[in-house]
């Protein structure tokens, strides 16, 4: 955690005034020493007033340092208040795992749960973005699930996109629901960290079923829907991909071809061979899923 602290502190040095940083450091010290819970809550809500809400000024080297510290951590879209709030969360005493996040002894619920229950949208985004950085990450699975269920798009995206926590800690059921919801609300799937690693047969079936629902309603599906499907395609899904290749637009055809290329089924390879231009583009490395990250 010390490396995360150092990175956040150094980034704030470039973005906030000396008095603002001194205020934050003072609050960190108070919280770390076991100050009354009110100190934490007051400071947590006051961060934007002292630090502002400007974006962090991060370089490519800063982003590389974040990735080296925690794979998948991408603070490129973080603001100074989010970084400041994360430092306050990291200051909460955590050596006692069983009592982690209980600032005051005898409290009925962990501090973080009470933050989530009373937080505004900005505070919730900061909490969910910080989950992969916090100590004892295995203790936060139910909190991540709460973020996934949120009806606020910014909150959902804080946990689902550019965040390594779900891929590393959620079970398949929660992970699959998150990916399906991302498709439903129109979030870009390429921003879900670990999407390819966590693909599974049940998710493939769920996404194919969702595609059928959209088609029945005469509506399109995002081409990225097929990304976690190809490796687990059965004969029914191959028939779906055949339909997309025959009738889809260029993006949909490219996605279906990529899905076929990842399937080990002979019928998938036979289907792909009927589209030699797409097949050769994939074989030559000119057509990959990365194409959808630029659209």
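A short reminder: the numbers here are calculations on the coordinates, not readings from a lab. These numbers come from a predicted model, not from an experiment. Please note: Cβ atoms are built from the backbone with ideal geometry, for glycine as well, and neighbour counts cover all protein chains shown.
How do 236, 69, 86 rank when sorted from fewest to most other Cβ atoms within 10 Å of their own Cβ?
Sorted ascending by nearby Cβ count, the order is 236, 69, 86.
What ratio of Cα Rg to 2.2 N^0.38 Å holds for segment 199-295?
Computed over Cα atoms of segment 199-295, the ratio equals 0.98.
Stretch residue 36-residue 200 to full length: gain in nm at 0.36 nm per residue minus the Cα-Cα span? Intermediate values should be presented prior to the final figure.
Values: separation 164, 0.36 × 164 = 59.04 nm, distance 4.54 nm.
Gain on extension, residue 36 to residue 200, equals 54.5 nm.
With just the Cα atoms defining each centre, how far is segment 1-64 from segment 146-162? Give it in Å.
23 Å
Relative contact order for the chain using alpha-carbon pairs under 8 Å, separation at least 6, rounded to a whole percent? List each step's numbers first, then the result.
On the way: 346 pairs, mean separation 33.3, N = 295.
Relative contact order here is 11 percent.
Tell me the angle of helix 37-51 to the major Cα principal axis of the chain, expressed in degrees between 0 and 90 and rounded to the nearest ten.
Between the helix axis and the principal axis of the chain, the angle is about 70 degrees.
Among 54, 242, 138, 123, rank each residue by its count of other Cβ atoms within 10 Å, from fewest to most, as a rough exposure measure. Please report the intermediate quantities before stating the final value.
Values: 54 11, 242 16, 138 8, 123 20.
With the sparsest Cβ surroundings first, the list reads 138, 54, 242, 123.
Over every pair of different alpha-carbon atoms in segment 212-261, take the mean of 1/r and invert it; report that Kirkwood radius in Å. Present the calculation step by step, with values, prior to reporting the outcome.
Numbers: mean 1/r = 0.0931 Å⁻¹.
Hydrodynamic radius (Kirkwood, Cα pairs) of segment 212-261 is 10.7 Å.
Counting other beta carbons within 10 Å of each Cβ, put 131, 12 in order, fewest first. Mind showing how you got there, number by number?
On the way: 131 24, 12 20.
The most exposed by this proxy come first: 12, 131.
Over all Cα pairs of segment 1-170, how is the pair count split among 10 Å bins, expressed in % and running from 0 up to the last occupied bin?
P(r) for segment 1-170, in whole percents per bin: 10, 41, 39, 9, 0.
Quick one: the Cα spread of segment 1-68 along its three principal axes, in angstroms, biggest first?
Principal-axis extents of segment 1-68 (Cα, largest first): 38, 24, 17 Å.
Grab the beta carbon distance between residue 247 and residue 269, set R0 = 22 Å, and tell me the FRET efficiency rounded to 0.05. All intermediate terms of the calculation are to be shown ahead of the outcome.
On the way: r = 21 Å, r/R0 = 0.94.
Using R0 = 22 Å, I get an efficiency of 0.60.
Along its principal axes, what span do the Cα atoms of the chain show, with the longest given first and each in whole Å?
Sorted largest first, the three principal extents are 67, 40, 32 Å.
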